[in-house]
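Quick notes on the structure that follows.
The values are calculated or read from the model by the stated rules, or taken from the named source; none is laboratory data. Quantities reported herein were computed from a predicted structural model and do not represent experimental measurements. All Cβ positions, even for glycine, are placed from backbone atoms using ideal geometry, and neighbour counts span all protein chains on display.
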Amino acid sequence: MRLASSIVVLSVLSSAASAAPNPGSILFRGGTVVAFNQQTQGLQIIRGGSVLVTGDRIASVSTSTPTKIPPGTEVVDITGKIITPGFIDTHRHGWQTVFKTMASNTTLIEFFNRYSSYVAPFFWNATDVYDSQLAGLYEALNAGVTSSIDHATHTWSKDASEAGLQACIDSGARVFWGFTFANITGLITVEQLYPIFRDMAKNPGLKNSPTTLGIAYDGWGPNPNVAEIDQIMGLARELNVSVITTHSLQGPWGFNNSPEDIHALNYLNISIPIVFSHTSFLTPTGAELLRSTNQYISITPESEMHYGQTHPFSYGIQDQASLGVDTHITFSTDILTQARIWLQQTRYERYLDVLEQNKLPRSNPMSVEQAFLLATRHGGLALRRNDLGIIAEGAKADLIVWDATSPALLGWVDPVAAVILHASVGDIEAVLVDGKWAKRGGKLLAKGWPEARARFLKTAQRIQAIWRDMPLPEPPAEFNGSPVVDPVRVDALRGPGDGYGNVYI
Ligand SMILES: *[C@@H]1O[C@H](CO)[C@@H](O)[C@H](O)[C@H]1NC(C)=O
Ligand SMILES: *[C@@H]1O[C@H](CO)[C@@H](O)[C@H](O)[C@H]1NC(C)=O
Ligand SMILES: *[C@@H]1O[C@H](CO)[C@@H](O)[C@H](O)[C@H]1NC(C)=O
Ligand SMILES: *[C@@H]1O[C@H](CO)[C@@H](O)[C@H](O)[C@H]1NC(C)=O
Ligand SMILES: *[C@@H]1O[C@H](CO)[C@@H](O)[C@H](O)[C@H]1NC(C)=O
Ligand SMILES: [Zn+2]
């Protein structure tokens, strides 16, 4: 698809940048551009290239400095640096940021019973949601995550919903905010959430923000309430939501929400993108349904390892897959780490197939280019947005500039390998969302960041204190019909005991 709507016609513009800065126009000059080639649908590396941003879009990508640029264009020399699209995180729960490091050894069942939206609302108020969500988005922007699908489970009241949405808008990030329809025992029902969702659509801030309204729903199956689903899908169409997302596990976890479940209700083959998080036990039928309806999954490599959701079938569906972070309070927040973990885990698994036959691998099963595309372009595809996750004419100006002379990167020749295998968040010098600077010179630019940080710290301290004193829940004997048992613990210490150690909260 060509995106011609807002491309500036360069020839009518003046040939030199005037002194007066034009905040709507930025020329990045002289860097290595990791661009997208629409013909090959793959990456194209342009060395000594230029990227011209006008307004919220990329106006041109070229091999040399354009001779004609809009008057007042800010010229940024990125010689020796690498410019890439921003990362896209297709599964996140941003509101939880204040729990950071509190749950480093938690299990998924403990997480539900201790840190989830089934517990938090009895201790949190709307200000807490706002502070925590905003800090989480700044953390993501700092890490070059310019777009995210937020499975926003903090919709337990009108105030809390409003606060979380407002934080998305105020952050400047491109958030596909998935308002969650769930019953929270003792607090609110799906029925009571319909008018609240309608109210969210009226937020005037949505008009001039890259944030859009989506829906998160985990009641597709087994045993769906069809009337409830029809209501929610009616709202999805009426309010033109940008995405629908669901947690899909299956296998011993139960928690199906499978492609088959949604297809059986006739809601899979629709124009709205549906993103399935995890799909740990995706069936061959489910995989074929995803392909035939062009719906995507979100692989969250670190969370699927941390919690044991696992991903035994995800290697085979990478053509319909994107990457997500999930509960960033318990591990990395950045998609770069997810891409790297996923690349190496895929290699490990595919090598194991060979070694288990007592043979040796002759080739390498996954490339850095594939990991890079999963972290960028595929997030856009999951959202049915051809203008996200790529550097190409007409695409949204969501960009990262990497300091390619850092100790980590010095000596690189392949910019994709440099980013995927050697870089860290610390090498991210600048981030733009929608053509606006979110980070520059290694510093977050958000106007209210110092105040937001101070507020967040106070909120975090108060909430962490409550959770510190809360007794750990006793694990249930079974969950969704499966027995709950202990895995074998690792022993990293010589001598008696298993040396499990402590958590230091
Ligand atoms: C939430 O609680 C904090 C701490 O008690 C307080 O400062 C803040 O005003 C409260 N916010 C709301 C909306 O009640
Ligand atoms: C919400 O509660 C209603 C009434 O008990 C139930 O029918 C429905 O399935 C529940 N929805 C979800 C998403 O759990
Ligand atoms: C619905 O939203 C999409 C983007 O998600 C937009 O392209 C389209 O124009 C919208 N349609 C209406 C009727 O607002
Ligand atoms: C989805 O719809 C397209 C046409 O719009 C059709 O080609 C495809 O077979 C459908 N897939 C399923 C699973 O119904
Ligand atoms: C986490 O570690 C703490 C301290 O060692 C322990 O008490 C707790 O049971 C552990 N939690 C889980 C879920 O294993
Ligand atoms: Zn999740």
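Select from region 170-187 the residues that are of a type outside the set (Lys, Arg) and within 16 Å of ligand 3 (Cβ to nearest atom) and write down the one among them that is farthest from the chain's Cα centre (by Cα).
Phe179
Look at Ser258 and say whether it is more than 15 Å from Thr346 (Cβ to Cβ), in the same structural domain as Leu235 (by TED's automatic domain parsing) and within 16 Å of ligand 2 (Cβ to nearest atom).
Yes.
If a residue has to be among the small types (Gly, Ala, Ser) and within 18 Å of the chain's Cα centre (by Cα) to count, how many in region 391-420 make the cut?
Qualifying residue count, region 391-420: 1.
Of (1) among the hydrophobic types (A, V, I, L, M, F, W, C); (2) within 28 Å of Leu290 (Cβ to Cβ); (3) touching a His at 6+ places or on another chain (Cβ under 8 Å), Ala408 satisfies all except one. Which?
So the condition that Ala408 fails would be (2).
Taking into account only those residues within region 277-308 that are within 16 Å of ligand 5 (Cβ to nearest atom) and more than 17 Å from Gln96 (Cβ to Cβ), which is nearest to the chain's Cα centre (by Cα)?
Looking at the filtered set, the residue picked out is Met305.
If I ask for residues that are free of Cβ contacts under 8 Å to residues at least 60 places away in the same chain, of a type in the set (A, V, I, L, M, F, W, C) and either under 12 Å from Ile272 (Cβ atoms) or within 15 Å of ligand 3 (Cβ to nearest atom) (or both), which ones from region 229-258 would you list?
Ile232, Met233, Leu235, Ala236, Leu239, Val241 - these are the residues of region 229-258 that are free of Cβ contacts under 8 Å to residues at least 60 places away in the same chain, of a type in the set (A, V, I, L, M, F, W, C) and either under 12 Å from Ile272 (Cβ atoms) or within 15 Å of ligand 3 (Cβ to nearest atom) (or both).
Of the conditions (1) part of a loop (DSSP other than H, G, I, E, B); (2) more than 16 Å from ligand 6 (Cβ to nearest atom), Asn256 fails just one. Which one is it?
(2)
Sort through Val226, Val190, Val275 and tell me the only one that's in contact with a Phe, Trp or Tyr (Cβ under 7 Å, 6 or more places away or on another chain) and either free of Cβ contacts under 8 Å to residues at least 40 places away in the same chain or more than 16 Å from ligand 3 (Cβ to nearest atom) (or both).
None of the other options fit; the residue is Val190.
Identify, by number, the condition in (1) within 16 Å of ligand 6 (Cβ to nearest atom); (2) in contact with a strand residue (DSSP E or B) (Cβ under 6 Å, 6 or more places away or on another chain); (3) in a loop (DSSP other than H, G, I, E, B) that Ile272 doesn't meet.
All conditions are met except number (1).
Limited to region 182-198, what total is found for residues that are closer than 20 Å to Thr212 by Cα and among the β-branched types (Val, Ile, Thr)?
Number satisfying all stated conditions: 1.
Check whether at least one residue in region 91-101 is more than 19 Å from the chain's Cα centre (by Cα) and more than 16 Å from ligand 4 (Cβ to nearest atom), and report yes or no.
yes
For residues that are closer than 21 Å to Trp95 by Cβ, modelled with pLDDT of 95 or more and either surrounded by 10 or more Cβ atoms within 10 Å (Cβ to Cβ) or touching a helix residue (DSSP H, G or I) at 6+ places or on another chain (Cβ under 7 Å) (or both), tally how many sit in region 466-500.
Of the residues in region 466-500, 3 are closer than 21 Å to Trp95 by Cβ, modelled with pLDDT of 95 or more and either surrounded by 10 or more Cβ atoms within 10 Å (Cβ to Cβ) or touching a helix residue (DSSP H, G or I) at 6+ places or on another chain (Cβ under 7 Å) (or both).
Yes or no: Ala460 in contact with a Lys or Arg (Cβ under 9 Å, 6 or more places away or on another chain) and either at pLDDT below 95 or in a helix (DSSP H, G or I) (or both)?
Taking the combined requirement at face value, the residue satisfies it.
Would you point out the residue of region 136-169, among those that are aliphatic (A, V, I, L, M) and under 25 Å from His278 (Cα atoms), that is farthest from the chain's Cα centre (by Cα)?
Leu165
Do you know which residues across region 149-169 are touching a helix residue (DSSP H, G or I) at 6+ places or on another chain (Cβ under 6 Å) and either buried (at least 18 other Cβ atoms within 10 Å of the Cβ) or part of a loop (DSSP other than H, G, I, E, B) (or both)?
Asp150, Ala152, His154, Thr155, Trp156, Ala160, Ser161, Ala163, Gly164, Leu165, Ala167, Ile169
Can you give me the number of residues within region 316-344 that are under 19 Å from the mean Cα position of the chain (by Cα) and not in a loop (DSSP other than H, G, I, E, B)?
Total meeting the criteria: 17.
So which of Arg92, Arg198, Arg114 ends up being among the basic types (Lys, Arg), closer than 22 Å to Gly234 by Cβ and modelled with pLDDT of 95 or more?
Result of the check over Arg92, Arg198, Arg114: Arg198.
Considering only region 154-165, I want to know if a residue exists there that is within 16 Å of ligand 2 (Cβ to nearest atom) and β-branched (Val, Ile, Thr).
yes
Do we find a residue being touching a His at 6+ places or on another chain (Cβ under 8 Å), within 16 Å of ligand 4 (Cβ to nearest atom) and either assigned by TED's automatic domain parsing to the domain that holds Ser148 or not polar (S, T, N, Q) (or both) anywhere in region 239-246?
Within region 239-246, not a single residue is touching a His at 6+ places or on another chain (Cβ under 8 Å), within 16 Å of ligand 4 (Cβ to nearest atom) and either assigned by TED's automatic domain parsing to the domain that holds Ser148 or not polar (S, T, N, Q) (or both).
Taking the conditions exactly as written (under 24 Å from Thr97 (Cβ atoms), without any contact (Cβ under 8 Å) to a residue 12 or more places away in the chain, more than 16 Å from ligand 4 (Cβ to nearest atom) and of a type in the set (A, V, I, L, M, F, W, C)), does Ala430 satisfy them or not?
So Ala430 does not fit the description; no.
For region 116-127, indicate whether the set of residues that are over 28 Å from Gly86 (Cβ atoms) and within 15 Å of ligand 5 (Cβ to nearest atom) is non-empty.
Yes, region 116-127 contains a residue that is over 28 Å from Gly86 (Cβ atoms) and within 15 Å of ligand 5 (Cβ to nearest atom).
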